[in-house]
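Structure record follows, encoded as structure tokens.
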Amino acid sequence: MKKCKLFFDIEKEEQWLNEQLQKGYRCTHISGLGIYTFEKTDKRNVMRLDYQDYLSKKKRDNYKVLYEDFGWNHIKGSWPGGIHYWQKEDGEQNDIFSDRQSRNNYYKRLMGYSSGLSIVLLLFSYMLFKDSGVYATEGLWSMEGVLFWKAFLFETPFALLKLIPVCMAVFYGVSYYKAYQKYSMLKEK
Amino acid sequence: MKHKLLPLSETMHYILLALREPLHGYAVMQKIEEISNGTVILAAGTLYGAIENLNKHGWIEPVGESGRRKVYMVTAEGKTILKKEQSRLLHILSLYEGSESNEEM
């Protein structure tokens with residue numbers, strides 16, 4: 001079974017994946033384009049998502065070996081840094097974090113990740129709009145009648161395309177805020 | 001100012017104590033489960049982060065490899081930290097005992 005889905009929020013993604021697993025599936029492959037492959041199984045599985053910044057080849061091996069020793073299977077990682085997908089059979093220890101300090105550090109890493117992406121996307125959008133605005137055709141707004149509508153309709157799909165990075169920046173901004181909320185909640189408790 | 005890992009968290013404390021002998025990551029978790037009488041069971045991500053952190057501060061160091069696994073051990077600096085924590089905890093323990101204000105406890 002293949003499912004296609006797009007997530008900007010790592011915790012929502014984790015939740016969705018576990019909902020699929022609870023229906024008696026296990027995840028076999030995740031592609032970068034958001035295509036998740038599942039297969040039927042009679043064992044119960046759980047999935048946990050971790051975020052790691054850039055890890056050198058050696059550190060990455062070390063990281064993987066340790067998780068694998070605990071029974072986790074690496075479904076997908078990202079290079080140079082990014083989300084790591086870990087799956088294992090349902091058991092006594094189903095979490096990848098067992099104390100508050102490490103969970104807090106995880107939220108801190110997530111905050112760095114989503115704010116970084118957000119800033120890069122905003123800079124990129126600024127470059128797109130700096131010279132021309134959303135609509136690029138010169139004199140579009142001074143055209144009249146049919147000519148204006150033709151030019152306007154022609155231009156609109158491009159304008160929408162140019163807005164994609166801004167939307168993505170907003171989504172990542174929201175997930176930054178969510179990670180921040182979780183982080184400060186853990187701090188207060 | 002105090003070091004940011006001090007006073008030691010339960011996780012860090014147990015890892016330093018376990019690594020008075022050379023062990024790889026998973027063996028650290030098993031050792032801790034044993035010496036804590038099954039009360040502290042570390043998860044993979046917690047152990048990974050803690051080992052990285054302790055290594056970064058020079059309190060533990062890799063001393064070899066067992067297959068693909070790195071083997072760690074506490075350093076001289078790490079031992080000094082344990083000594084300091086021991087006297088801090090001994091002092092706190094002494095406060096539990098013999099004070100007149102908590103006779104009813």
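Every number in this text was worked out from the coordinates using simple rules, so none of it is lab data. Quick caveat, the model's predicted, so the values are computed rather than measured. Note that we place each Cβ from the backbone using ideal geometry, even for glycine, and neighbour counts take in every protein chain shown.
Tell me the net charge near A:E13. Cut-off is 13 Å between Cβ atoms, A:E13 excluded, with +1 for each Lys or Arg and -1 for each Asp or Glu.
Values: positive: A:K3, A:K5, A:K12, A:R48, A:K76, A:K178; negative: A:D9, A:E11, A:E14, A:E19, A:D50.
It works out to a net charge of +1.
The longest part of chain A holding none of the exposed loop GluC sites (Glu not before Pro), meaning those outside H, G, I, E and B in DSSP with at most 14 other Cβ atoms within 10 Å, is A:1-91. Over the residues of chain A, the helix contribution to mean residue ellipticity at 222 nm works out to -19000 deg cm²/dmol, using -39500 (n - 2.57) for each DSSP H run of at least 4. A cut-off of 5 Å between modelled amide H atoms, ignoring neighbours fewer than 5 places along the same chain, links B:I60 with B:N55, B:T75. Between the exposed loop cleavage positions of chain B, defined as trypsin sites (Lys or Arg not before Pro) in a non-H, G, I, E, B DSSP state with at most 16 neighbouring beta-carbon atoms within 10 angstrom, the longest gap is B:21-67.
Counting other Cβ atoms within 10 Å as a rough exposure proxy, the listed residues A:Y180, A:Y106, A:Y85 run A:Y180, A:Y85, A:Y106 from fewest neighbours to most. Note on A:87-100: average number of Cβ atoms from other chains within 10 Å of each residue's Cβ is 4.
For segment B:34-60 versus segment A:139-163, the inter-centroid distance based on Cα atoms is 60 Å. Temperature 4 °C, viscosity 1.567 mPa s: under these conditions the Stokes-Einstein estimate for segment A:2-89, based on its Kirkwood radius over C-alpha pairs, is 96 µm² per second. Expressed per residue, the C-alpha convex hull volume of segment B:10-98 stands at 98 Å³.
Shown in residue order for segment A:28-35 are the 3J(HN,Hα) couplings computed by the Karplus curve 6.51 cos²θ - 1.76 cosθ + 1.60 at θ = phi - 60°: 10, 7, 10, 9, x, 8, x, 9 Hz (x for Gly and Pro). With θ taken as phi - 60° and the coefficients 6.51, -1.76 and 1.60, list the Karplus ³J(HN,Hα) couplings across segment A:161-175 in order, rounded to whole Hz; mark glycine and proline as x. Residue by residue, segment A:161-175 yields 4, 5, 7, 4, x, 5, 4, 4, 4, 5, 4, 5, x, 4, 6 Hz.
A simple spin-label model places pseudo-atoms 7 Å from Cα toward Cβ; at A:V120 and B:S66 they are separated by 3.9 nm. Across the cross-link table entries A:K43/A:K88; A:K58/B:K4; A:K108/B:K4; A:K88/A:K108, which are compared at the Cα atoms, the separations over 18 Å belong to A:K58/B:K4; A:K88/A:K108.
Its residue count N fixes a reference of 2.2 N^0.38 Å for segment A:100-188, and the Cα radius of gyration divided by that reference is 1.62. The loop-placed chymotrypsin sites (Phe, Trp or Tyr not before Pro) in segment A:1-31, going by DSSP, include none that has at most 12 neighbouring Cβ atoms within 10 Å of its Cβ.
Each residue in A:M47, B:M1 was given a count of other beta-carbon atoms within 10 angstrom of its own, and listing them fewest first yields B:M1, A:M47. What is the list of residues in segment B:13-30 whose amide nitrogen lies under 19 Å from a point 7 angstrom out from the Cα of A:K58, following Cα to Cβ? Inside the label zone: B:23-26.
Taking the Cβ of B:E10 as the centre, find all other residues whose Cβ is under 15 Å away and add up their charges (Lys, Arg: +1; Asp, Glu: -1).
Charge balance near B:E10 sits at +1.
Each Cα pair under 8 Å and six or more residues apart adds its sequence gap; the mean of these over the residue count of segment A:100-188 is a relative contact order of 54 percent. Both the radius of gyration and Dmax for the protein assembly as shown are 25.6, 95 Å, in that order, over alpha-carbon atoms. Mean sequence separation of contacting Cα pairs (under 8 Å, at least six apart), scaled by the length of chain A, corresponds to a relative contact order of 19 percent.
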